[in-house]
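First up is the structure itself, then whatever we jot down about it.
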Amino acid sequence: MSNPPREDFLIQLGTSVRDGSFVKLTLGKPRGGDATLRNLLVRPVVLRGAPHLSFVWRHDRQDITKNHAPEDAITALAALVGADFHSAHLFTTARMAQLEFNKKGEPRLTYGPAAVEKAGGEHDRTKQRLLPEQSQPWLEKLGVTTATGAVREGLADKHRQIHKFTEILSHLAADAALPTHRPLEIADMGCGKGYLTFATHDYFNLVEQRAAHVRGIEAREELVTLCNRIARETARANLNFVQGTIESARLPALDVLIALHACDTATDDALAKGVQAGAALLVVAPCCQKELRPQLVAAPVLAPALRHGIFQERHAEFATDALRALLLEWAGYDTKVFEFISTEHTAKNLMIAATKRNGPARTESAALKVRELATFYGIKSQALARQFYFDLGT
């Protein structure tokens, strides 16, 4: 007689840790009392020459790392699986095991392909980059690094941005309910020269060992031609670039949408495309938010300050992105708004990330928040609201 799914999963976890085939474990769908907790990532590390498991507790605004001896870790994880977390993915060199609990608390155990990533681990005594060594060819061909891997003069900020984006993407992807039974479908809208499109491809396909078809959409033909050539030359079969605008793009199926520095209402076009395609994760960095500036009616106490153009601009940016975040929450997404990269590297540093909820969308309470903000600022029309057919009620 076979073991119950949860017991079977824990046996496989303990066996993989003890025989060295353990690669990583992710626990999601937290059910504990901490509302800021998003997931737990467990990886093997070596500390003072001895094997340990590193627990990274990921919260909304911080990560907390704790290291445990293998047997202590197995005991601690057994208490968490099915209690504090209702989703568990175990990656080993033999296969992937996925344990999910439904709303009734009933477990279901399924399996996927083996992780190609090597088991074992090392302590991160120096800052580690998520992009693998195999990324060097396209970094060189796009002019970011030299043939020896050194960052070219004047490209340090771009190099830092690429790696920072990859780090952020790793956290966001862990929070999103991305499918595991088929290749991911990812689109980078308005991808430009493709730096982050290549990085996204390599993160999923090479680092996470998850098959992902990544498509870059860009209006400039010469950049599309360049990026497709580099994708071919670096043997990235799951990466391609298509000429077109964000507005004209056709995305029948999508899991992840990325749009960084899409100007003004192009950000709204990208968000609307992602929502319409049912994407589980939306990642945008807005740029030059001009649409609302002539509509905004400042509260009397702010009128003297808003005589200055720079304050008018920042006020419009705030109102635009706050409205976008609320509209996404109304559309069924949990949103985060945070600094993408320090302003010393780029002034366009705001990022909006949205993960699709399993619960009900388009509640009246969410709609009320949108209308209250629109009313306060006198906003009568906004691009994302129009695409959602949302009546701002002003």
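The values are calculated or read from the model by the stated rules, or taken from the named source; none is laboratory data. Since the model is a prediction, treat every value here as computed from it, not as a measurement. Reconstructed Cβ throughout: ideal geometry from the backbone, glycine too, with neighbour counts over all protein chains shown. Please note that ligands, DNA and RNA were not included when accessible areas were found on the heavy atoms of the full protein model with its side chains. Shrake-Rupley method; radii C 1.70, N 1.55, O 1.52, S 1.80 Å.
Each of 111, 389, 377 has its accessible area taken with a 1.4 Å probe; listed largest first, they run 389, 111, 377.
Amide H contacts under 5 Å for residue 350: 340, restricted to partners 5 or more places along the chain or on a different chain, H placed in the peptide plane at 1.01 Å from N.
For the set 181, 315, the ranking by accessible area, highest first and with no ligand, DNA or RNA atoms included, is 181, 315 under a 1.4 Å probe.
For residue 34 and residue 242, a Förster radius of 41 Å and the Cβ-Cβ distance give a FRET efficiency of 0.45, rounded to the nearest 0.05. Share of carbon and sulfur in the accessible area of the chain stands at 52%, probe radius 1.4 Å. Note on residue 2: accessible area approximately 100 square angstrom, rounded to 10, probe 1.4 Å, nucleic acids and ligands left out. Along region 97-102 the Karplus relation, 6.51 cos²θ - 1.76 cosθ + 1.60 evaluated at θ = phi - 60°, assigns HN-Hα couplings of 10, 10, 10, 10, 10, 7 Hz to successive residues, with x for each Gly and Pro.
Which of rounded, prolate, oblate describes region 144-227, given a ≥ b ≥ c as roots of the alpha-carbon gyration tensor eigenvalues and a/c under 1.5 marking rounded, otherwise prolate only if a/b is larger than b/c? Don't jump to the answer; show the numbers that get you there.
On the way: a/c = 2.11, a/b = 1.38, b/c = 1.52.
Because a/c hits 1.5 or more and a/b fails to exceed b/c, region 144-227 counts as oblate.
What's the angle, to the nearest 10 degrees (0 to 90), between helix 5-19's Cα axis and the longest principal axis of the chain? Value to nearest ten degrees: 70. Counting only protein chain heavy atoms and rolling a 1.4 Å probe, the accessible areas of 193, 380 rank, largest first, as 380, 193. Between residue 308 and residue 290, the contour length at 0.36 nm per residue exceeds the alpha carbon distance by 4.9 nm. Computed with a 1.4 Å probe over protein heavy atoms only, the accessible area of residue 87 comes to about 10 Å².
Extending 7 Å from the Cα toward the beta-carbon at both residue 219 and residue 381 defines two label points whose distance is 2.0 nm. Rounded to the nearest 10 degrees, the inclination of helix 156-175 to the longest alpha-carbon principal axis of the chain is 70 degrees. Comparing Cα centroids, region 188-202 and region 20-53 end up 29 angstrom apart.
How high is the relative contact order of region 254-350? Use alpha-carbon pairs under 8 Å, at least six apart in sequence, and give a whole percent. Could the numbers behind the result be given before it?
On the way: 105 pairs, mean separation 24.1, N = 97.
Relative CO of region 254-350 lands at 25 percent.
Taking amide H atoms as placed 1.01 Å from N in the peptide plane, the amide H of residue 59 lies under 5 Å from those of 38, 64, each 5 or more residues away in sequence or on another chain.
Of 144, 337, 297, the residue with the greatest mean-square motion in the GNM of the chain, using alpha carbon springs below 10 Å, is 297.
Per residue, the chain reaches -10000 deg cm²/dmol at 222 nm when only DSSP H runs of four or more residues are counted, each adding -39500 (n - 2.57). So what's the angle, to the nearest 10 degrees on a 0 to 90 scale, between helix 70-80 and the longest Cα principal axis of the chain? The angle comes out at about 60 degrees. Other residues within the sphere of radius under 10 Å centred on the Cβ of residue 242, judged by their own Cβ, net out at +1 (K and R +1, D and E -1). Of the whole protein surface, residue 261 contributes about 60 Å² of accessible area at a 1.4 Å probe radius.
Comparing mean-square fluctuations of 156, 374, 177 from a GNM of the chain with C-alpha springs under 10 Å, the top value falls on 156.
Per residue, how much accessible area does region 149-192 have with a 1.4 Å probe, in Å²?
42 Å²
Couplings for region 32-40, taken from phi via the Karplus curve 6.51 cos²θ - 1.76 cosθ + 1.60 with θ = phi - 60°, read x, x, 8, 6, 8, 6, 10, 6, 10 Hz in order; Gly and Pro are left as x.
With an 8 Å Cα cut-off and a minimum separation of 6 or more residues, compute the relative contact order for the chain in percent. Walk me through the intermediate numbers first.
Numbers: 707 pairs, mean separation 39.9, N = 394.
That works out to 10 percent.
Highest GNM mean-square fluctuation, the chain, Cα pairs closer than 10 Å: which of 32, 274, 192? Largest GNM mean-square fluctuation: 32.
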